[in-house]
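Contents: one structure, followed by commentary.
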Amino acid sequence: MRSFVQIADAIGGTSKKLEKVRLIGEFLKSLSATDAAIAARFLAGRVFAGHDERALGVGAATLSRVIAETAGQPGHVLGATYRKHGDLGGMAEELLRSTNRDGDLSLADVARLFDDLAAARGQTHKAELLANAFERSSAADVKYIVKITTGDLRIGSKESLVEEAIAKAFERPLAEVRRANMLTGDIGETLTLAAQNQLACAAVRLFHPMGFMLAAPVETPDELFDKRDGLELPPLLVEEKYDGIRAQVHKNKRGEVRIFSRTLAEVTEFPELVEPISELPGELIIDGEILAWRDTRPLPFTELQRRLGRKRLDLFVQNDIPVKYVAFDLLFQDGELLLNEPLTKRKAFLDAVCANARTALHVAGGRECRTAGQVQLAFHNSLQAGHEGIVAKAATSPYVPGRRGGFWFKLKQPFATLDVVVTGVEYGHGKRHKVLSDYTFAVRDGERLLNIGKAYSGLTDAEIREYTDFFLQHTIEDHGHRRTVTPAIVLEVAFNNIQKSGRHESGYALRFPRIVRVRRDKAAPEIDTLETVAKLFARQTVRPEEV
Ligand code: AMP
């Protein structure tokens, strides 16, 4: 681990991208094949290979407790040290520095620790494994073990830089490295292939999920065309934006099917989709969305959510909340990777594949649009049909896994906004760890204020600094990391929908809340009420056919 620590510190110590790439490349080249593969994953911010579905399942509370115990420090010291660094790794290093221990763990030992952690059941067992490892580690080793565990090294190293480093170190074309990484779903294996000059051998493997292509947000249809100013560009294919779960479907010739979510984890809650998919012809990898659906209309995401996380299938829930798989892209068919084919061609293939599919499968329709007016109309029709917006895709574009921007754009209607008041504040994370940037907010019920959500984003750094001063002066209770504050700052928050929830005292929680603006013109007594929330909630859960 010592050399890993040194190099990671060095990478964190320079802000120059090229220098980071050089350091990573030289380091990877200096290691044995096995160690290099492990280090490549760690430097890419991954614990395991990307296609590996295991999760460590180690909570921040467990990590903090083991760090405190190893350091022989009482729990309350942690808060202040954490605030100083803004991350658990930095906190651990400072607390353990006085132990002056030399570490003797190798990279392979750390990889084994992660295997054991993923396999261990329960936080007690996981804590024991961590404690044993920390006893054998220097303060700096623990810092990086913790950082890798939490998935954030904070040294400005990310997977794309590791790809560049591999290309440089082994003198291979970057495009080949990226392609191999996408196909194998493992930066470690990619490194091995690059070292052996075998990048061309990387192949799609069914049942190993690949990265998903992502869409960049736009606020208006005009924006889609602003960026394309004056250029004679191909049209956009505008699809409905489905509010469900993104799902990559893999199917082999024998009719075996597996479905993967955006986190590349397997989705097992929808067995009724497996049979219709297994009947499709040939080998396939399809991208699409699982949606709750009744008769001719989609149901709100909150309905679909009731089916998630259930271990055993409850027939009642299955009948009560029917689902559909809406396919919108075809990535692989019968041994051929289609990513570089234009979207229109991929969709034509997809139409052919699904021509005789059962009704539980459906191919997203695409409307060709060349003007903002046409997009606006498609947007309007999509909302009328019960969807949450549109996704506009460049008709000739390739499928680019794992990247946002460039070819796909999403346009959504915020469900509603509410005016709320800030009742509690917390220190943020990362570069915001010294400012109070996370706000808990409430709506009004008569004289009472009832919390309904928490938002992290939406304000500028200058605004956050200004309000930090305000909140420090208007603290009612100081809990260290968290403060209860005088309810004076009114925010307008947008959100996607409202859920019933025991998390907040209002009995509701806003899904994906974001701050639209600070309402300096409003005072706390004028904020929205619990009654309004209940009405919005009812409006959203009324089944479309009952409207
Ligand atoms: P958001 O989750 O709001 O950031 O929007 C991106 C997500 O929209 C994607 O990850 C997909 O799960 C989903 N989505 C819904 N409909 C489509 C579509 N027609 N094409 C691509 N993505 C879609």
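A simple spin-label model places pseudo-atoms 7 Å from Cα toward Cβ; at Lys345 and Glu505 they are separated by 6.2 nm.
Against the empirical 2.2 N^0.38 Å scaling, what ratio does the C-alpha Rg of the stretch 466-547 come to?
Compactness ratio reported: 1.33.
Distant-in-sequence amide contacts of Gly453, defined by a placed amide H-H separation under 5 Å and a gap of 5 or more residues or a different chain, comprise Phe441.
For the charge dipole of the stretch 243-363, defined by +1 on Lys and Arg C-beta atoms and -1 on Asp and Glu C-beta atoms about the Cα centroid, which residue among Leu337, Val353, Phe270 has the Cα displaced farthest towards the positive pole? Result: Phe270, furthest along the dipole toward the positive end.
A simple packing score, the average count of other Cβ atoms within 10 Å per residue, orders the peptides 180-191, 497-508 as 180-191, 497-508, with the highest score first. Annotation: per residue accessible area for the stretch 243-363 equals 46 Å², rounded to a whole number [probe 1.4 Å, protein chains only].
Extension gain Asp445-Asn197, at 0.36 nm per residue separation less the Cα-Cα distance, in nm?
Working: separation 248, 0.36 × 248 = 89.28 nm, distance 6.71 nm.
Taking 0.36 nm per residue and subtracting the Cα distance, the gain is 82.6 nm.
Return the whole-Å distance between the Cα centroid of the stretch 443-468 and the Cα centroid of the stretch 59-74. Comparing the Cα centres of the stretch 443-468 and the stretch 59-74, I get a distance of 31 Å.
When the Cα atoms of the stretch 243-363 are aligned to their principal axes, the ranges along those axes come out at 40, 27, 27 Å in descending order.
Net charge dipole, the stretch 416-540: roughly 460 debye, given to the nearest 20, about the Cα centre with Cβ charges of +1 for Lys and Arg and -1 for Asp and Glu.
Counted residue by residue at 0.36 nm each, then reduced by the alpha carbon distance between them, the extension gain from Arg136 to Arg83 reaches 16.4 nm.
Leaving ligands, DNA and RNA out of it, report the carbon-plus-sulfur percent of the accessible area of the chain at a 1.4 Å probe. Before the final figure, lay out the partial values.
Working: 12540 of 25220 Å².
About 50 percent, which is the carbon plus sulfur part of the accessible surface.
Per residue, the accessible area of the stretch 2-150 comes to 44 Å² when a 1.4 Å probe rolls over the protein heavy atoms. Helical runs assigned H by DSSP (4 residues or longer) give the chain a calculated mean residue ellipticity at 222 nm of -11500 deg cm²/dmol, each run adding -39500 (n - 2.57) before division by the residue total. Think of a 1.4 Å ball rolled over the protein heavy atoms: the stretch 416-540 then has 48 Å² of accessible area per residue.
Once backbone amide H atoms are built at 1.01 Å from N, Leu299 has Ala292, Trp293, Arg294 as its partners under 5 Å, excluding neighbours fewer than 5 places away on the same chain. Looking only at the chain, where both bridge partners belong to it, what percent of the DSSP beta bridges are antiparallel (to the nearest 5)? Rounded to the nearest five, the antiparallel share is 90 percent. This model, with +1 at the C-beta of Lys and Arg and -1 at the C-beta of Asp and Glu, gives the chain a dipole about its Cα centre of some 280 debye.
Along each principal axis, taking the top coordinate minus the bottom one, the Cα set of the chain gives 69, 67, 55 Å in descending order. The stretch between Ala60 and Ala462 holds 141.8 nm of extra length on full extension. This uses 0.36 nm per residue minus the Cα-Cα distance. With a Förster radius of 35 Å applied to the beta-carbon distance between Arg310 and Ala355, the computed FRET efficiency rounds to 0.60. Amide H contacts for Ala216 (H built 1.01 Å from N in the peptide plane; partners 5 or more residues away or on another chain; cut-off under 5 Å): Gly405, Trp408, Phe409, Lys410. In the chain, taking the dipole from charged Cβ atoms about the Cα centre, the farthest positive-side position among Val238, Ala215, Ala108 is held by Ala108.
The values are calculated or read from the model by the stated rules, or taken from the named source; none is laboratory data. Model, not experiment: these values are computed from the prediction. Reconstructed Cβ throughout: ideal geometry from the backbone, glycine too, with neighbour counts over all protein chains shown. These accessible areas exclude ligands, DNA and RNA; they are computed on the full protein's heavy atoms, side chains included. Shrake-Rupley method; radii C 1.70, N 1.55, O 1.52, S 1.80 Å.
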